[in-house]
Amino acid sequence: MVEKSAGGVEEGGSAAAAAEVRRWVEAGGGRLVMDGGLATELEANGADLNDPLWSAKCLFSSPHLIRKVHLDYLEAGANIIITASYQATIQGFESKGFSKERSEDLLKKSVEIACEAREMFLKEHSDQSTPMQHPILVAASVGSYGAYLADGSEYSGDYGEAGTLEFLKDFHRRRLEVLAEAGPDLIAFETIPNKLEAQAYVELLEECNINIPAWFSFNSKDGVHVVSGDSLIECATIANGCAKVGAVGINCTPPRFIHGLILSIQKVTDKPILIYPNSGERYDAEKKVWVESTGVSDGDFVSYVNEWCKDGAVLIGGCCRTTPNTIRAISRSLNQCHSAPQLSVA
């Protein structure tokens, strides 16, 4: 079992959150495997996600499907499962007619479902003749303001008049507090499209006194900048300067760009690096569909994994349009290079 430090992430100064992530990585044998695309699998299991809430719709319509997908990824070898709260916001639920209290309960439910899946997985595997010990972690997802808008602006970072620091802080504040109160192991700030929103998250982590390690992951369309056109190095520098950020990396980005992006991040931080690209397919924001045949196969995707490890990534998984098969292949590839760790709850 991996124990959290008694003083939370504040203990030990600016490196405390990163140190906690490193302890988890060490307990996992030097690498941790993250899960893959949630929405892809929910749809594969029959969920209708044609809704501004996207996968968060299942928190009230079919929570059993979320639990099943979490379990599928754990069975595939994931050490980290990410909650179904990426597009779950108090404002979004209220727009559907839910009360503020009910909206907050649905946010908490996203963490509870993931924790239930973890407990079910651990119970099922507790009688193994050769038990394995590595951390199984729950990361509470915080999507960008653009994800709430559901208009593709998470892939542009262009928020128009809403693009002010105070607006973004006000939008995310209570959501962050509720998710932290639900007790995840990590807070995952995902698909961050611009440096302004990264700065808003940093200030909220401090102002809300969040004592749970966070990670920041940005998305890129060209391998140099985040999708808004801001410099990735500037964005990673913002994340590096926050004591409560334990890892920095890239998600929802074509695999072919990851090598260069890792090298850029390493110029400004020595915090653990996490990588979970999409399948390489292109998202059409106007039609709100992924353009098929533009991606790579699971085999091609996994062929990058050893390179990313050599580059310095220690947390590796998949994002949109990746599946449990992708994660299973990543896990097998990493296990060929590292001794198999043992299994326990974090």
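For the reader, a short list of remarks on this structure follows.
- Restricted to segment 288-339, and to residues there that are closer than 23 Å to residue 186 by Cβ and over 21 Å from the mean Cα position of the chain (by Cα), the residue that is modelled with the highest pLDDT is 335.
- Search result, residues across segment 238-260 that are hydrophobic (A, V, I, L, M, F, W, C), open to solvent by less than 10 Å² (accessible area, probe 1.4 Å), touching an Asp or Glu at 6+ places or on another chain (Cβ under 9 Å) and not in a loop (DSSP other than H, G, I, E, B): 258
- Output for segment 40-53, where each listed residue is surrounded by fewer than 22 Cβ atoms within 10 Å (Cβ to Cβ) and in a helix (DSSP H, G or I): 43, 44
- Residues in segment 188-214 that are within 14 Å of residue 252 (Cβ to Cβ) and not polar (S, T, N, Q) were compared, and the one that is farthest from the chain's Cα centre (by Cα) is 193.
- Qualifying residue in segment 223-237 (condition: open to solvent by 40 Å² or more (accessible area, probe 1.4 Å), part of a loop (DSSP other than H, G, I, E, B) and among the aliphatic types (A, V, I, L, M)): yes
- Residue in segment 97-115 that is least open to solvent (accessible area, probe 1.4 Å), counting only those that are closer than 22 Å to residue 69 by Cβ and not aliphatic (A, V, I, L, M): 110
- Hey, residue 233 within 22 Å of residue 187 (Cβ to Cβ), touching a residue at least 24 places away in the same chain (Cβ under 8 Å) and among the β-branched types (Val, Ile, Thr) or not: no
- Matching option when the condition is of a type outside the set (Gly, Ala, Ser) and in contact with a Gly (Cβ under 9 Å, 6 or more places away or on another chain), among 91, 87: 87
- Residues that are under 17 Å from residue 139 (Cα atoms) and either of a type in the set (A, V, I, L, M) or in contact with a Lys or Arg (Cβ under 8 Å, 6 or more places away or on another chain) (or both), drawn from segment 86-103: 88, 89
- Within segment 137-163, if we keep just the residues that are assigned to a loop (DSSP other than H, G, I, E, B) and open to solvent by less than 10 Å² (accessible area, probe 1.4 Å), the residue that is farthest from residue 225 (Cα to Cα) turns out to be 143.
- Any hit, segment 75-89, residues being touching a residue at least 24 places away in the same chain (Cβ under 8 Å), surrounded by fewer than 24 Cβ atoms within 10 Å (Cβ to Cβ), of a type in the set (A, V, I, L, M, F, W, C) and in a helix (DSSP H, G or I): no
- The requirement of being without any contact (Cβ under 8 Å) to a residue 24 or more places away in the chain, aromatic (Phe, Trp, Tyr) and out of contact with any Gly (no Cβ under 7 Å at 6 or more places or on another chain) is satisfied by residue 167.
- In segment 150-166, residue modelled with the highest pLDDT [restricted to those that are over 15 Å from residue 90 (Cα atoms) and hydrophobic (A, V, I, L, M, F, W, C)]: 165
Let's see how each residue does on (1) within 17 Å of the chain's Cα centre (by Cα); (2) more than 18 Å from residue 149 (Cβ to Cβ):
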position: 37; (1), (2): yes, yes
position: 47; (1), (2): no, yes
position: 63; (1), (2): no, yes
position: 66; (1), (2): yes, yes
position: 69; (1), (2): yes, yes
position: 92; (1), (2): no, no
position: 115; (1), (2): yes, yes
position: 123; (1), (2): no, yes
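The values are calculated or read from the model by the stated rules, or taken from the named source; none is laboratory data. Computed from a prediction, not measured in an experiment: that's the story for all the values here. FYI the Cβ positions are ideal-geometry reconstructions off the backbone, even for glycines, and counts take in every protein chain you see. Please note that ligands, DNA and RNA were not included when accessible areas were found on the heavy atoms of the full protein model with its side chains. Shrake-Rupley method; radii C 1.70, N 1.55, O 1.52, S 1.80 Å.
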